[in-house]
Amino acid sequence: MKTIVTMPGDGIGKTVLPEALKVLTAVGFEAEYVHADIGWEFWCKEGNALPQRTIDLLEKHKVGLFGAITSKPKDAAARELDASLQGKGYTYFSPIVGLRQHFNLDICIRPCKSFKGNPLNFIRRRNDGFDEPDVDVVIFRQNTEGLYSGVEWTNPPKAVRDAFETHPKMKSFKDTAGEDLAISTRIVTRGACKRIIREAFEYAKKFGYTNVTVCEKPNVLRETSGMMLNEAKIISKEYPGIELWDTNIDAQMMWLTKNPEIYGVIVSENMFGDIISDGFAGLVGGLGFACSANIGKEVAIFEPTHGSAPKYQKLNPSIVNPVAMILSACMMLEHLGENAKAEKIRNAVAGVIEEGNVKTYDMMKLKGGPDVFSKGASTTQQMTNEIINKIA
C-alpha cells in the first residue's frame, strides 16, 4: 500500500485537503496518509515553516499532497515570530519554495482545461454574437530557478556589488547608496532548460498536442530567456510533428483572451510560468479549478495553486471550492499509474459542473461570506459529495 504525506498547511488548505481524501477513498484508491507539519503556525512558534521532520517524511515516502500556504513579507513575518525567537536571526522563507529547491522539484505542471457548463468559463465576443472557446492548455513552469531562486540582497555585500559593477549597465546605479539598493537575480541553467523543455515536448507527444510555446522575453532578457529559447530550438528538431512557437510574456497576456484555444503546451521560467498559468486559470474558472504538480526525479508534491485565504477558514459551513485540490489529487493518481481512477474523478467533476445543480460561491460570482448560502451557493462538502455521487 502506498503512503502519501499529507500537508494541509494554512487557511483553507486545512479545509480542502480532507475533501480530496474523501474522493480518493470513494474512487477506491487505497493508501496510508501520514500528516506532516508545514506552514505559518510552525514559523511563528519554531522559526521554521518547513520543519526537518516534514522533509524526512517526504524523503522516505516520496509523494505528498499539499493544501495551501500563508506567506508574508519579511518584516511582517518577523513581527509574528514568537517573542522567545525574536532577534535570533530567523528569516522566513516560503516552505513550498523550500520544498521545490530541497527536492529539486524542477518540473511544475499546471493544466488549465475548461469544463463544459462552468459559468466562469471565458466567453468571447464575435461579430455575430458570442462564443466560448475550448481551452486546453498545459503550462510547464521551471520550478527551481529564475527569479524564485532566492539569490537576492538589500544593501549587497561589497564583493557582490563589485562583481555586479563589472557589468557596464551598472553605471546607472553607481551613485545609489547600498542601503537604497536591492538586487534580485534571475538564474537560468542550461541543464534545467533542457530538462523542462524536453518534458514539455514529451508531454505534448504523449497527449497529442500539436504545439509547444516558449513564453519568455528574449528581446530584453537576452541571456536567460535567450538560453531557454535556443535550447528549445535545438530540442524541437527531435519532435518533427510538434510545432515550436515562441511568445513574449507581455504579448502572451494580451493574446490570452484573443485566441486561447490555439495553444497546447507552454513552457516558461519560474516567474513567467507563474504569471501565465494564473492567466490561463482565469479563463477556465479561476484558482478554484487550478491544479498543479511539482515533479522531481525522486519526490513529487501535488497542490492547488490557490492561496490559503485565511478569512474563509473559520466559516462554518465552509464556502470554498474543493475542485482544484481534487484535481491535484487526480494528478497524483496519474503519477502513481492510477490513470483509470484519475479519469473517473475528472469525469465526475465534469458531470457535476455540466449539470450545474451544485455551485460553490465562486461559480456563482458571489462575494465570499456566510450569506452566500442564502443566495443558492453550495458548501464545500456538498460539492465534494456531489462529485463522489457521480463516480461510477
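Things to note:
- Boolean, MET271 is crowded, with 21+ Cβ neighbours inside 10 Å and under 18 Å from CYS108 (Cβ atoms): no
- Taking segment 349-365 as the range and being crowded, with 17+ Cβ neighbours inside 10 Å and not small (Gly, Ala, Ser) as the test, the residues that pass are VAL349, VAL352, ILE353, VAL358, LYS359, THR360, TYR361, ASP362, MET363.
- Strands (runs of 3 or more DSSP E) wholly inside segment 94-203 that include at least 1 residues being in contact with a Cys (Cβ under 8 Å, 6 or more places away or on another chain): 107-113, 136-142
- Residue within segment 333-348 that is of a type in the set (Val, Ile, Thr) and surrounded by fewer than 21 Cβ atoms within 10 Å (Cβ to Cβ) present: no
- Residue in segment 342-357 that is outside the structural domain of ILE242 (by TED's automatic domain parsing) and in a loop (DSSP other than H, G, I, E, B) present: yes
- Whichever residue in segment 92-119 is of a type in the set (Gly, Ala, Ser) and closer than 21 Å to ASP274 by Cα and, among such residues, is farthest from the chain's Cα centre (by Cα): SER114
- Residue list for segment 246-295, filter: in a strand (DSSP E or B) and of a type outside the set (Val, Ile, Thr): ASP246, ASN248, SER268, CYS291, SER292, ALA293, ASN294
- The residues on offer are LYS171, LYS233, and the sole one that is out of contact with any Pro (no Cβ under 7 Å at 6 or more places or on another chain) and loosely packed, with under 11 Cβ neighbours inside 10 Å is LYS171.
- Every residue from segment 204-215 that is surrounded by 13 or more Cβ atoms within 10 Å (Cβ to Cβ) and part of a loop (DSSP other than H, G, I, E, B): TYR209
- The set of residues in segment 304-330 being surrounded by fewer than 22 Cβ atoms within 10 Å (Cβ to Cβ) and either among the hydrophobic types (A, V, I, L, M, F, W, C) or not assigned by TED's automatic domain parsing to the domain that holds MET383 (or both) consists of ALA309, LEU315.
- Any hit, segment 306-324, residues being more than 30 Å from SER378 (Cα to Cα) and in contact (Cβ under 8 Å) with a residue 12 or more places away in the chain: no
- Evaluating ALA251 against the criteria (1) hydrophobic (A, V, I, L, M, F, W, C); (2) at pLDDT 95 or above; (3) under 16 Å from the mean Cα position of the chain (by Cα) leaves one unmet condition, (3).
- Only one of TYR209, TYR263 that is in contact with a Gly (Cβ under 7 Å, 6 or more places away or on another chain) and either outside the structural domain of GLU343 (by TED's automatic domain parsing) or free of Cβ contacts under 8 Å to residues at least 24 places away in the same chain (or both): TYR209
The values are calculated or read from the model by the stated rules, or taken from the named source; none is laboratory data. Everything quoted here is computed from the prediction, not taken from an experiment. Cβ coordinates were reconstructed from backbone atoms using ideal geometry, including for glycine residues, and neighbour counts include every protein chain displayed.
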